[in-house]
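What follows draws every value from the coordinates through simple rules; no lab data is involved. Quick caveat: nothing in here was measured; it's all calculated off a predicted structure. With ideal geometry, Cβ positions are generated from the backbone for all residues, glycine too; neighbour counts draw on all protein chains shown.
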Amino acid sequence: MATNERVFNFSAGPSTLPVEVLEKAAAEMLNYDGTGESVMEMSHRSAEYKQIIEDAEKNLRTLMNIPDDYYVLFLQGGGTLQFSMVPINLLTGSKKADYLITGNWAKKAYEEATKFGDVKILASSEEDNYSYIPKFKPEDIRPDVDYVHICYNNTIFGTHCNEVPDVGDHLLVADMSSCILSEEVDVTKFGLIYAGAQKNVAPAGVTIVIVRKDLVGKAPANTPVYLDYATHAKKGSMYNTPPCYPIYIAGEVFKYLLKNGGVKATHERDVEKANLLYGYLDKSEMFKPSVAKEDRSLMNITFVTGDPELDKKFIAGAKEQGMINLAGYRTVGGMRASTYNAMPLEGVEALVAYMEKFENENK
Ligand SMILES: *Cc1c(COP(=O)(O)O)cnc(C)c1O
């Protein structure tokens, strides 16, 4: 591959970003907006940077229609630190929480939360290799829980909550790391939404937390300062040095999405891409989708041939054709095509064309 050519990168994260955003970042690399310096070198207390972070927050609020009674925080530590921060900050009443176990990340979140309170599994699809989203009724939730936690899109297995689960009057917390900004969500149905940015938004390093204001400020007094949402809420995500560069790129991605029809139009493009690939999987005799039809993810599309050697050959052949990172998660095997917002339709078209050719040649 010539150094000036781009591959179609199907990585689950860090993942592909819009070319237009990368080109703008490249053009501004040495001299951001006439400042004579890179955003990487800029004081986070400068007027220019203040504008960058404020615009990023404002544009995310517009894209997701986030009401004023929610904070938007830009934090570090990835989705993983939220597995700890959520229970530390929200287990403040009965200290009980129920978790829906739909994959590795959901389970990790649950295991971490058990350190901080009386945390139970609401339902799990672990025994079926997380191939579907388990159903539950609001009555299954313990009546006095402080919150219910779900993982909205299961990056590793390729399942997704195709509607917001009914949790009755309970507070709902969702990990949206791998689906944020790929569909319209009613933020008011959630007490807290978090998302590591490196799947659908920005390079690794920033994590978005959207939290209802009344939930913030109840963490125990001995909470480490960085782990208390109130610390960041009070200071506009500037208590300490924020992840400046990833926030800048996230901001550019937000502008790009707004320019291209917002979340609604983005979702339509995502559906078109996913339909193309699932459509082929549904008729292929070689490739089989890995998860229940009604719980399919738009962002992480998993499939197998049933023969690990053939899978390997397929993945290696794809790489030669400029389609990379199609191997399934290391503990799962098979294939996974992550079709995040920034994956162009042409990428999925190229993948499906290669699948057809591969199927014909390896009958
Ligand atoms: C990737 C991922 C995580 C972990 O994110 P880190 O930023 O690596 O800590 C958590 N949840 C989901 C759904 C993910 O896809």
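Distance from the C-alpha centroid of region 242-301 to that of region 132-203: 17 Å, rounded to the whole angstrom.
Remark: relative contact order (the chain) = 23 percent; criterion is Cα-Cα distance under 8 angstrom and separation of 6 or more residues.
As a proxy for reagent exposure, ranking 140, 175, 146, 69 by other Cβ atoms within 10 Å from fewest up yields 69, 140, 146, 175.
At a Förster distance of 30 Å, what's the computed FRET efficiency of residue 118 paired with residue 240, Cβ-Cβ distance as r, to 0.05?
For residue 118 and residue 240, the calculated efficiency is 0.40.
Across the options 180, 243, 16, the greatest Cα extent toward the positive end of the charge dipole of the chain (unit charges at beta carbon of Lys, Arg, Asp, Glu) belongs to 243. Considering only Cα-Cα distances, which of the following residue pairs are longer than 21 Å: 24/255; 199/293; 199/273; 189/264; 199/313; 213/235? Beyond 21 Å between Cα atoms: 199/293; 199/313.
Between the residues 47, 301, 202, the greatest Cα displacement towards the positive end of the dipole of the chain, with unit charges on the Cβ of Lys, Arg, Asp and Glu, is found for 47. Taking label positions 7 Å along the Cα-Cβ direction at both residue 142 and residue 68, the computed distance is 3.8 nm, reported to one decimal.
So if R0 is 25 Å, what FRET efficiency would residue 27 and residue 5 give, r being the distance between their Cβ atoms, rounded to the nearest 0.05?
0.80
In this rough spin-label picture, where each label sits 7 Å from Cα along the Cβ direction, the residue 214-residue 230 distance is 1.7 nm.
Our summary gives region 262-361 a relative contact order of 30 percent, counting only alpha carbon pairs under 8 angstrom and 6 or more residues apart.
GNM remark for the chain: springs join alpha carbons under 10 Å apart, and the peak mean-square fluctuation among 80, 231, 241 falls on 241. Using Cβ point charges alone (K and R +1, D and E -1), the dipole size of region 1-65 about the Cα centre works out to roughly 240 debye.
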